[in-house]
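Engineer: There's a structure below that I have some questions on.
The values are calculated or read from the model by the stated rules, or taken from the named source; none is laboratory data. Bear in mind the structure is a predicted one, so any value in this text is a computation, not a measurement. So basically every Cβ, Gly included, is an ideal-geometry build from the backbone, and we count neighbours across all protein chains shown.
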Amino acid sequence: MIASKYASFGQTLHRWADAGVDLLFPPRCATCGRAGERICARCAQLVTPVPATICTHCGRVQTMRVPSCVQCEGDADFPLDHVRAAALHIAPLREWIHLLKYEGRRDLAPAMARYLTATLADTEWTPIRARIDAVVPTPLHAARLRERGYNQAELLARGLCQQTGLPLRTDLLHREKLTHSQVGLNAAERKANVEGAFVATPACRGLHLLLIDDVYTTGATLRACAHALRDAGAAHIYALTLALPSHHEPSMHHDLPHS
């Protein structure tokens, strides 16, 4: 309780500080430099939504819409009830994610979270939205959190909750294992890298939870989080990420370093 009060106070200070900076130095678009907004309306329209041609089971891009893709065939261990991404991991969204994760641009998170909010408003999510008990960001290990100073997934989740009124819970899932970077690893190696990395609390028993992350590459991190939540008794687990690699990208296994 005390920790959460301090966290809330810290967030308030950050908002006040950001407001003061905006008065002294009006924000400029992260892409075109236009004054007035961190992501201007013109550049916001350049983000490419995920096409309809996906696997409806895992949410990955396919050449046509299918109920189960090659990756999903024989996968009886898929722990997510529904998983989707808001947009493709290409410019300008790819650059915004890099700025948020590695350049300290926390101020971009609320604008980027609007894409999550828009996706959640889709009719596909209508029956699910009504059942969501809490939004859970994929957590960072304490050492990585100290190094970066913030969790980008939590900032996105917080923006989503502020825009939708859904409750945010950062106490249900913890990252106990400091993993290596996922860069350069294939799907099997990514899965092994994060296996056992997350632990969920008994407080999630019976809950319907929405996992939030920035990039959905092979899904290894989301799967590991979902398995931990299921082991702790969560009833249903859904996942929504900001970006998804398209099948046109050179490799789904060589994205930016993942948390």
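Engineer: M64 is checked against (1) surrounded by 12 or more Cβ atoms within 10 Å (Cβ to Cβ); (2) assigned to a loop (DSSP other than H, G, I, E, B); (3) not aromatic (F, W, Y) and fails just one. What number does that condition carry?
Structural biologist: Result: M64 passes all but (1).
Engineer: Would you check if there is a residue in the range 15-32 being at pLDDT 95 or above, over 29 Å from R230 (Cβ atoms), surrounded by 19 or more Cβ atoms within 10 Å (Cβ to Cβ) and touching a Gly at 6+ places or on another chain (Cβ under 9 Å)?
Structural biologist: Within the range 15-32 (the criterion being at pLDDT 95 or above, over 29 Å from R230 (Cβ atoms), surrounded by 19 or more Cβ atoms within 10 Å (Cβ to Cβ) and touching a Gly at 6+ places or on another chain (Cβ under 9 Å)), the answer is yes, since at least one residue qualifies.
Engineer: Take the conditions modelled with pLDDT of 95 or more and charged (D, E, K, R) and apply them to D81. Does it pass? Before the answer, list the steps.
Structural biologist: Details: modelled with pLDDT of 95 or more: yes; charged (D, E, K, R): yes.
Yes.
Engineer: Are any residues in the range 123-180 more than 14 Å from D213 (Cα to Cα) and among the acidic types (D, E), and if so, which ones?
Structural biologist: Correct list: E124, D133, E147, D171, E176.
Engineer: Exactly one of these conditions fails for W96: (1) within 16 Å of the chain's Cα centre (by Cα); (2) surrounded by fewer than 13 Cβ atoms within 10 Å (Cβ to Cβ). Give me its number.
Structural biologist: W96 satisfies all of (1) within 16 Å of the chain's Cα centre (by Cα); (2) surrounded by fewer than 13 Cβ atoms within 10 Å (Cβ to Cβ) except (2).
Engineer: Can you tell me how many residues within the range 113-142 are among the aliphatic types (A, V, I, L, M) and either surrounded by fewer than 18 Cβ atoms within 10 Å (Cβ to Cβ) or in a loop (DSSP other than H, G, I, E, B) (or both)? Please lay out each step first, then the result.
Structural biologist: Going residue by residue through the range 113-142, those that are among the aliphatic types (A, V, I, L, M) are 113, 116, 118, 120-121, 128, 130, 132, 134-136, 140, 142.
Filter again for either surrounded by fewer than 18 Cβ atoms within 10 Å (Cβ to Cβ) or in a loop (DSSP other than H, G, I, E, B) (or both), leaving 118, 121, 128, 130, 132, 140, 142.
Counting residues in the range 113-142 that are among the aliphatic types (A, V, I, L, M) and either surrounded by fewer than 18 Cβ atoms within 10 Å (Cβ to Cβ) or in a loop (DSSP other than H, G, I, E, B) (or both) gives 7.
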